[in-house]
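To keep things clear, I will list the structure first and then write my remarks on it.
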Amino acid sequence: MRKPLISGNWKMHHNHFEAITLVQKLGYAIDKDDVAAVDVSVHPPFTDLRSVQTVLEADKIPLALGAQNCHWEEKGAFTGEVAPSMLAKLNVSYVIVGHSERRELFAETDEDVNRKVKSVLKAGMTPIMCCGETLEERERGATDDKVVGQVKAGLAGLKGDVVAGLVVAYEPIWAIGTGRTASSEDAQAVCGLIRRTIGEVFGAAAADGVRIQYGGSVKPDNAKELMGQPDIDGALVGGASLEAESFAGIIQYRLKD
């Protein structure tokens with residue numbers, strides 16, 4: 001049984017004071033039953049990581065610390081970049097890799113994503129590797145080819161037992177921050193495709209073990225339906241993770257009527 005992972009991607013929001021307040025509020029909003037049922041990670045901006053780490057550890061708040069990106073090199077003349085080992089020293093557990101905004105706005109390629117996946121693993125952390133199609137690709141029937149290609153390229157060179165411990169996030173680009181959400185059936189269809197693809201390339205054990213998140217305008221009122229799909233093992237949450245009440249509502253999706 002795969003334990004769901006609910007991840008809050010704060011993107012470029014919240015200074016470190018606001019970040020501290022948010023995780024403290026989350027600590028009050030969730031209880032031991034919530035964290036027994038689901039894993040939860042928060043992914044603040046780089047400038048907030050140390051502050052959030054300190055609060056999580058000092059107050060024993062049961063949230064995993066995550067990052068939004070990293071470089072694939074260990075060190076070097078890469079002004080403005082952050083190495084995976086630097087994140088690991090802050091007890092970061094999960095790193096988002098290949099988010100659509102990184103691909104679309106910053107021209108990250110599948111090869112870049114693959115390098116980052118491997119470097120995150122080498123540093124002892126778990127990558128959340130993102131994939132997903134644009135509206136134009138969806139309308140011309142190219143969703144399957146796009147997603148399968150990204151999954152195969154992003155995980156290339158890994159062994160099945162490693163893939164079994166990873167997280168893959170399906171995030172249709174047309175549903176991110178738009179208020180539009182893929183129907184639960186549409187989301188399941190693509191997440192099922194991702195699992196079948198991993199099974200074909202890396203074996204049945206990898207397909208059974210890998211956790212597949214859905215991301216794209218996830219909110220408290222649609223989380224339960226999405227999470228009820230057989231191949232959806234969590235959510236990569238954007239805007240709704242910026243406030244404790246709405247994010248807690250997603251974490252507690254199982255309690256919704």
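Some observations on this one:
- Tail fraction, Cα-Cα pairs, the chain, threshold 33 Å, whole percent: 13 percent
- In the context of the full set of protein chains, residues of region 156-202 present 40 Å² of accessible surface per residue (probe radius 1.4 Å, heavy atoms only).
- Each residue of region 68-79 was assigned a 3J(HN,Hα) from its phi angle through the Karplus expression (A = 6.51, B = -1.76, C = 1.60, θ = phi - 60°), giving 9, 5, 6, 8, 8, 8, 6, 6, x, 7, 10, 3 Hz with x at Gly and Pro.
- Across region 81-86, rounded Karplus estimates of 3J(HN,Hα) from the backbone phi angles (6.51 cos²θ - 1.76 cosθ + 1.60, θ = phi - 60°) give 9, 10, 7, x, 5, 5 Hz, Gly and Pro being marked x.
- Note on the chain: with charges restricted to the Cβ of Lys and Arg (+1) and Asp and Glu (-1), its dipole about the Cα centre is near 580 debye.
- Size of charge dipole - region 45-195 - debye, nearest 20, with Cβ of Lys, Arg +1 and Asp, Glu -1, no other charges: 520 debye
- Residue-normalised accessible area of region 1-134, expressed per residue, 1.4 Å probe, Å²: 48 Å²
- Dimensionless Rg ratio for region 113-206, taking C-alpha atoms and the 2.2 N^0.38 Å reference: 1.10
- Phe78 contributes an accessible area of around 90 Å² to the protein surface, as traced by a 1.4 Å probe with all chains present.
- Gaussian network model of the chain, springs between alpha carbon atoms under 10 Å - residue of Pro44, Pro220, Pro127 with greatest fluctuation: Pro220
- A cut-off of 5 Å between modelled amide H atoms, ignoring neighbours fewer than 5 places along the same chain, links Val218 with Gly238.
- The chain, accessible surface, carbon-and-sulfur percent (1.4 angstrom probe): 52 percent
- Cα centroid separation - region 216-253 against region 16-45, whole Å: 14 Å
- In this structure the amide hydrogen of Val97, modeled in the peptide plane, comes within under 5 Å of the amide hydrogens of Ile128, Met129, Cys130, none closer than 5 places in sequence on its chain.
- When the chain is treated as a Gaussian network with alpha carbon springs shorter than 10 Å, the biggest mean-square fluctuation among Arg140, Arg195, Arg180 belongs to Arg140.
- Counting Cα-Cα pairs of region 131-182 in 10 Å increments starting at 0 gives whole-percent bin shares of 23, 45, 24, 7.
- Solvent-accessible area of Glu101 with every protein chain in place, 1.4 Å probe, in Å² to the nearest 10: 60 Å²
- Assuming charge only on the beta carbon of Lys and Arg (+1) and of Asp and Glu (-1), the dipole of region 81-140 about its Cα centre is about 480 debye to the nearest 20.
- Sequence-distant lysines (8 or more away, or on other chains) whose Cα lies within less than 18 Å of Lys32: Lys3, Lys60, Lys256
- Amide hydrogen neighbours beyond the local backbone of Ile6, cut-off 5 Å, H modeled: Asp39, Val40, Ser41, Ala235
The values are calculated or read from the model by the stated rules, or taken from the named source; none is laboratory data. Predicted model only: the values in this text are computed from it and were never measured. When we count neighbours, we look across all protein chains shown, and the Cβ atoms used for this are built from the backbone with ideal geometry, even at glycine. Surface accessibility is based on the protein's heavy atoms, side chains included, excluding ligands, DNA and RNA. Shrake-Rupley method; radii C 1.70, N 1.55, O 1.52, S 1.80 Å.
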